[in-house]
Structure formats: C-alpha cells, structure tokens
1. Scan (1) more than 14 Å from chain A (Cβ to nearest Cβ); (2) without any contact (Cβ under 8 Å) to a residue 12 or more places away in the chain; (3) not aromatic (Phe, Trp, Tyr) for the single condition B:Pro35 breaks and write down its number.
2. Just give me the residues in segment A:129-157 being part of a helix (DSSP H, G or I), at the interface with chain B (Cβ under 9 Å from one of its Cβ atoms) and of a type outside the set (A, V, I, L, M), in sequence order.
3. Can you pull out the residues in segment B:344-380 that are surrounded by fewer than 19 Cβ atoms within 10 Å (Cβ to Cβ), closer than 12 Å to A:Ala175 by Cα and at pLDDT below 85?
4. Which numbered condition in (1) more than 24 Å from A:Val304 (Cα to Cα); (2) more than 11 Å from chain B (Cβ to nearest Cβ); (3) not acidic (Asp, Glu) is the only one that A:Ile190 fails?
5. Please find, within segment B:21-64, the residue that is surrounded by the most Cβ atoms within 10 Å (Cβ to Cβ) out of those that are assigned to a helix (DSSP H, G or I) and in contact with a Phe, Trp or Tyr (Cβ under 9 Å, 6 or more places away or on another chain).
6. State all residues of segment B:340-362 that are in contact with a Lys or Arg (Cβ under 8 Å, 6 or more places away or on another chain) and more than 8 Å from chain A (Cβ to nearest Cβ); if no residue qualifies, say none.
7. Can you name the condition, by its number, that A:Asp115 falls short on among (1) out of contact with any strand residue (DSSP E or B) (no Cβ under 8 Å at 6 or more places or on another chain); (2) at pLDDT 85 or above; (3) more than 9 Å from every other protein chain (Cβ to nearest Cβ)?
Amino acid sequence: MADKSKKNIKQNVKNEKAKPAMASMPAVAEANYEQVKKEHRLYFNIVKRRYLWFAISLLVLIPGIISLIAQGLNLGIDFKGGSLYNIKFDQAVTQQNITEALESVGISGQVQLSDGNTYAIIRTAILSDTQRASMIEALQNKAGAFDLKNLQEDSVGPAIGEELRRGAIYSLSLAAVLILLYISIRFRFIYACSAVIALIHDVVIILGLFSLFQWQVDAPFIAAILTVFGYSINDTVVIYDRIRENERRMKKRDSFEDMVDKSVWQTMGRSIKTSVTVFIALLCIYILGGESTKVFALAMMIGVIAGTYSSIFVASQLIVEIKRWFSGDKRKKAVEA
Amino acid sequence: MRAKNITKLVVAVIVVAAAVFLSIAPLTDPNNGIPLGLDLKGGVHLVLQAEPGKDGKAVTRDDMDKARAIIEQRVNGLGVSEPYIQVDYNRNRVIVELAGVDDPEKAVETLKTTAKLTFRNDQGEILMDGSELKDAKAAVDTSRGSAEYVVHISLTTEGAKKFADITTDYLGKNIGIYLDEEMIQNPKVNEPITNGEGQITGYSSLEEAARYAVMLRSGALPVSMSVAEKRQVGALLGEDSLNRSLNACMYAILLIFLFMLIFYRLPGIVAVFSLICFSLIVLWVFYLIPVVLTLPGIAGFVLAVGMAVDLNIIVYERIKEEIKLGKSIRAAVDAGFSRAFITVFDSNLTTIFAALALFLLGSSTIKGFALTLIIGILASFITGITITRSVLRWIVGINPRLSTTLFGVKEVR
C-alpha cells in the first residue's frame, strides 16, 4: 500500500515534467497566502480579528452560563424520575380535553401535542398501577380513542438519573483525556489544549441554550453532547492538519499568524460543506423523525454550528493566542535562533 | 488502458447494483434480518431493583441469583420468544427485555410481584409456606450405591415440626412445590422427614438439581423488587417510529446526494456511488455482528452517512486545490488522496476516541448509538480509501484530459 502510493507520487512528478504546456505556469507545490486570499471572494483576515471571535463566543456563552447557574436545565424523566406517556390517538385531540381527562382522575401532568395533534406526550410523576389504569381509561373516554399498541410508556426511578449524569461526566472526561493525549502526540500540547477548550466551548453553548430556552433534556441529549464532542474535534483536526502541513513549509520570515489564517481559509470550503451535509442529515431527523429523536437532532444542530464556528474561530485562534503568550518573553531568543 | 478502465468501471457498477438488489431481502427480513430494538418493534424494557428486606440485610449475590430464577420462571410462563434477562450484581438489578409482547401491562404486572413458594397437596391446598425453608442445595448422593443428583433441603425449627407432620400424613403421596401459582416440582414422599433435613431426588444432572435448588431457595427471598425503570412501547407505535425514521433517513441521504452532485459534479457521482457501497457495508456489518437497530442507532447511522460524505469532501477539496495549482487531473487525484489520507486518519481517529468513551461508559441505548457511529466511521474510511479512490482513478484513466469543470473548478489560471 505504502509502496504503491510512493510510486504514484514519483510518477506524478514525471508526468508534470513531461507536460511542456504546464511549464508556462510554475508547478508550485503549495498555494501562497496571496493566492489563497484571492481564491475566496469573501476573504477577510480571521486571525487579526480573533478578539472579535472570542467576544462573539462569550456573548453566547455568558448568558447561557448565567442561565445554567440561575435556573439550570429542564431535566426530563431520565434524569429526575417520572413517567412519560407517548400516545398516538386515532383522531386529532385537544390539549384541553387531555388536561381535563387527567384532572378528572386527579393526575397532574404536562401535555404536549404534535403532528396534527394526533400525538400526545404526557409527563407525570410515577403513577401507581391503579392511577395509571384510571388515567388510560379517562383518556380513552374523554380525550380520544387510541389502541393500546399505540402507547409508549417510560417510567424511570430517580436512581437511574443519577447514574446517567455520572456516566455522562465520566465519558466526557475519558473522551477529553483521550483526545488531549492523541492530539498532543500527533500535533502539540498547545494544539491539544486549544482543541479541548474549543470542545468545552461547544458543550457549554449547547447546555446554555438548552437552559435559556428550558428545552427538556433526556438521555438522548447526552448522546448528542458526546457526538458533538466527536464531531467538532474532527472539524478542528482537519484545520490543525493543514496548519501542521503549512508550518513545515514555513520560512523564517513568514509570520505564524498569516500561516494560520491561510490554513483556515484553505480548509474553509471543506469545513462549511461538511457542516452543511451533516446539518442536512440532522434537519431531516428533526423534521421527519419521531418525537424521541427531536431533542437529539436539535442539540446536534446547535452543536454542529457551534463546532464549526469553534473549529475555525476558536480552536485555531487559540493556538495563535497561546503561542503569543508563551513566546512573549522567549520571542527574542526565538528570533536569534 | 482506456478499455481496461471502462471494463473495470462497468463491472464495479454492475456488481454494486446487484449487491444492493440481492441485499434488500436478507437485510430487511423481519425474522432473520437486522434485528430491531424494542423501541422499533414494541416491547418492554424493565429494570427491577432489589431492595433489602425488612431485616435490613444487604442484598447478596445469591439473592440476585434467586431473583433471576424467579423472573426467568415467570417470563417462561409468558411465552415470549427470546426473552433477555440479565443480572447486574454491582447495582443489584435484574434487567428484563421482552420483545413483541401483546400485553406489556400484564407482563410487567407478573414480573414485579414478589415470589411465593408453597407446598401443596393434590387438591392444591396450601400445606406449608416457603418461608419455612431455610436452604436448598444441589448435591451428589452416593449413599444408595449409584450416584444420584439430589437437592438437599433444610428447614427452620418451626418448619421442621410442620414438615414432619406433613410428610407423615402424606407418606407415599405427592407434595407439589409451587412458585406463585405454578407447580415447579411434584416429589413423592418416600419417608417422613422429622429432623428438618430432607432430600428431593430424581434429577438427571447436577445442573438441573442446582436450577431447582435456586428456585426453592427463592421462596425465602429476603429482598423485594421494585421497578427502577420501565420502558414500554406498543407494537404499532414502534412500527410508526421505524417508518418515520426510515423516511428521515431516506430524505437525508437523497439531499446529501443532491448536494454532492451540485458541488462536485463528476466526483460527486463517485461519492454517491461510494456512499451506496458504504451503506451496504454498514448494514451487512449490523446484520453479521448483529447490531440491534434502535432509534438512536438509526440517528447514529444518518450521522455516519454525513461523516462519510466528509471524507469525500476533504479529498475533493484537496483535488480542487491541486487542480487550481496547475496539476493535471490525474496528478491532482493522486495527490488529493495521498494528502487527505493523514487528515482523514487523524480526524476520524479522534472521533472514534469520543465514540469509544461513549461506548465504554454510556447507558445501554447510548452504547447502541456509539457502536453504529464507530462502525460507520470505520466503514467510511475503508470505502473512502478503496472504492472512491479506485473508481475516480479509473474514470481519470478513461480520459486523463477531462475538463476541470467536471471537478467543480471553473478555470485553471
């Protein structure tokens, strides 16, 4: 495999030499900064404006963090225990009828209708068997008929929620450590730190928005957060990879800032297109998938946007920033060397 | 060279088309195809938590084995095909999954009530309560010449007196041993048991004896079971979810195909081709492992498709760049792949790390999602470096002087 690819590269060089038509344009191995700038119609210097990007991030992060501290997340039954009934009625029903049916048997619950009011989600505390039976009877008599095979019920005790939360924190930490190690080995430690900060940034944005809007979170939300973790790092590594590649070609007088700016722009097309395709997939799940995957898709969509933003405007810019801090006093030495 | 590449291409397209055609039936077979999770075909997922009884003693491993035996016994009574019962000894839980039960309510009802062991006579009158049974152990008895598999039972002092009376009264008759309302054994009393130590004989193996011993011990189960988690999906609703998510899946894939065709033209077609191969590989892996397909699993698959496209995008963007730098299309394709390889390798591996963390530490539904994601990433990597690469090279091999507009590059400066 390796031998074959080497051969190919050699062959290419030959091919290029063999084509005099190409000689009019020097076969440069790499596009220079000016070319990259010209390439993109919308070009603007990203690295120079990095404080602006950090500020935009903070503008989204801070209200979210305040909300998280003040009101926390709207935890669903998976976390705090309770019951959830998902019913597909034979005909459209009204919120009022369901609420009245519940009240008639002394049960209080949140009701949420969807899909032309044929689907209802009812959230209650964990009901005893008799309460449950009387609720179903009341619903069928007062709200609308439905087949018992069109009933979904989730009841979760409080102990499970605690484990779920702990499991999520453990797996996030494990993922962060693995990523930190891998990027430190393949790139550099400051790259790894910047990447992990950007990841935390993405997660906090999702948590913050979910807290601000008080969207209910359940087990799939955790899966979404962790996937965003994996997805966003993917995005970041693609840019890092280009920075690593361009850094090797850097000449002494080249500025690191310009090189990073160039790398970010070179990968811009890919970053945006990839995010668009994943976003398309998620939007389809959000619109067409069932109720239970909606929250997952929503969290992921926010995550994909935040992840793309953070890969371009946070992770890569942090490298520049951290590098400046560390070389602040060492800069003279570096220049001498 | 040219004819050879055309042949290769045509053969590849025919093979994949045939593979798709032939795969539909086995993969979607409702009985032997890719197994569907409870959320898609309806069923009950129940987590029963053992709690220490009144005496406040901690729950032991033996208690959990007893609990499992009781539950197994009851599940068998429900007549469910392939029930899944698992004991979590660390958390003192029994996890039960029953697919396609007609009446999930009743199933839950039967499973969570506490077991009751009784000794009854032929008429079904209760003679003695199982709580008088102190212990039951399987053993091999050689005292009667040949080796016999037996269950040793020992009774409490109170029970010993009762049992002495019963066995005297029913000498030569059968005493039924019932777990709940079901008779598990019907041994004949051969001699009165007066010292509180008895033997039940007639087992064909030590395992069988042990199984019955556990069931007998369960009569003295000192723990009570409560429902910690119950997830129950009606069969119709499950089918509804399956159709909806397949629908979502189809639209997502079609839109992604369209996107690739618009932005990348010729390589876009190649991407669509390799995505079909990718889907086929992933689905066959699901089939062979087998991976139980759940709602989060389908979401994971759609996401994996999105990420598989990413590999194509990285490569094609690189090829575009190389073309813009003035390389020939053939050189650009080769350079695009070899340079994008490291990028894709590093970026996919980091994503796998995150998915791995999910798989190792997540709850059961999250595990399914993580597994589909890991399989998806691996499959996309493999199809990317083999199929996409080869097909693109064959196409370029057919006509190395293709117009660069076919690659989405407007002009070579």
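The values are calculated or read from the model by the stated rules, or taken from the named source; none is laboratory data. As the structure is a prediction and not an experimental result, all values here were calculated from the model. Methodologically, a virtual Cβ is constructed for each residue, glycine included, from the backbone with ideal geometry; neighbour enumeration extends over all protein chains shown.
1. Here B:Pro35 meets the rest and fails (2).
2. Passing the criteria: A:Asp129, A:Arg132, A:Lys149, A:Asn150.
3. Within segment B:344-380, none qualify.
4. (1)
5. Taking segment B:21-64 first, the residues assigned to a helix (DSSP H, G or I) are B:21-28, B:38-41, B:61-64.
After this cut, where a residue has to be in contact with a Phe, Trp or Tyr (Cβ under 9 Å, 6 or more places away or on another chain) as well, the list is B:23, B:26-27, B:61, B:64.
Values: B:Ser23: 15, B:Pro26: 13, B:Leu27: 15, B:Arg61: 10, B:Met64: 19.
Here the residue is B:Met64.
6. Scanning segment B:340-362 gives B:Ala340, B:Phe359.
7. (2)
Per-residue answers, yes or no, for (1) more than 27 Å from B:Gln49 (Cβ to Cβ); (2) without any contact (Cβ under 8 Å) to a residue 40 or more places away in the chain:
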position: B:Ala99; (1), (2): no, no
position: B:Glu109; (1), (2): no, yes
position: B:Ala139; (1), (2): yes, no
position: B:Ser143; (1), (2): yes, yes
position: B:Ser146; (1), (2): yes, yes
position: B:Lys162; (1), (2): yes, yes
